[in-house]
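Presented below is the structure to which this report refers.
The values are calculated or read from the model by the stated rules, or taken from the named source; none is laboratory data. This is a predicted model, so every value here is computed, not measured. A quick note on method: Cβ atoms are made from the backbone with ideal geometry, for glycine too, and the neighbour counts reach across all protein chains shown.
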Amino acid sequence: MKKIFILVIVFSFPAFAKAQCAMCRAVIESSGDTAAAEGLNNGITYLMVFPYLLVGAIIYMIYKNTQKGSKDIES
């Protein structure tokens, strides 16, 4: 559980998330509009979060169901 908590903390820091779309950001920054590049990168980071949350929720539900099943077998 401690390892999962540490991974969640590490991946939730913006410094790690800001490095997502280097090519897209470089193309927009070359036009001189850094605000648009920052907005694009924030949008990509925002959209990236939901698939990980869904997969994490599914894995958690499977884990809980297998733990409940193993307790039933022991009883």
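Does Lys68 satisfy the condition of being exposed (fewer than 12 other Cβ atoms within 10 Å of the Cβ), of a type in the set (D, E, K, R) and more than 20 Å from Val8 (Cβ to Cβ)? So Lys68 passes the test.
Being surrounded by 11 or more Cβ atoms within 10 Å (Cβ to Cβ) and β-branched (Val, Ile, Thr) is the filter; apply it to the range 45-58 and report the residue that is modelled with the lowest pLDDT. Across the range 45-58, the extreme among qualifying residues is Thr45. Output the qualifying pairs, or none if there are none: Cβ atoms under 9 angstrom, residues six or more apart or on different chains, first residue in the range 43-72 and touching a residue at least 24 places away in the same chain (Cβ under 8 Å), second residue loosely packed, with under 10 Cβ neighbours inside 10 Å. Taking only residues 6 or more apart or on different chains, the pairs are Thr45/Pro14.
Of the residues Ala37, Ala17, the single one that is modelled with pLDDT under 65 and farther than 23 Å from Tyr60 by Cα is Ala17.
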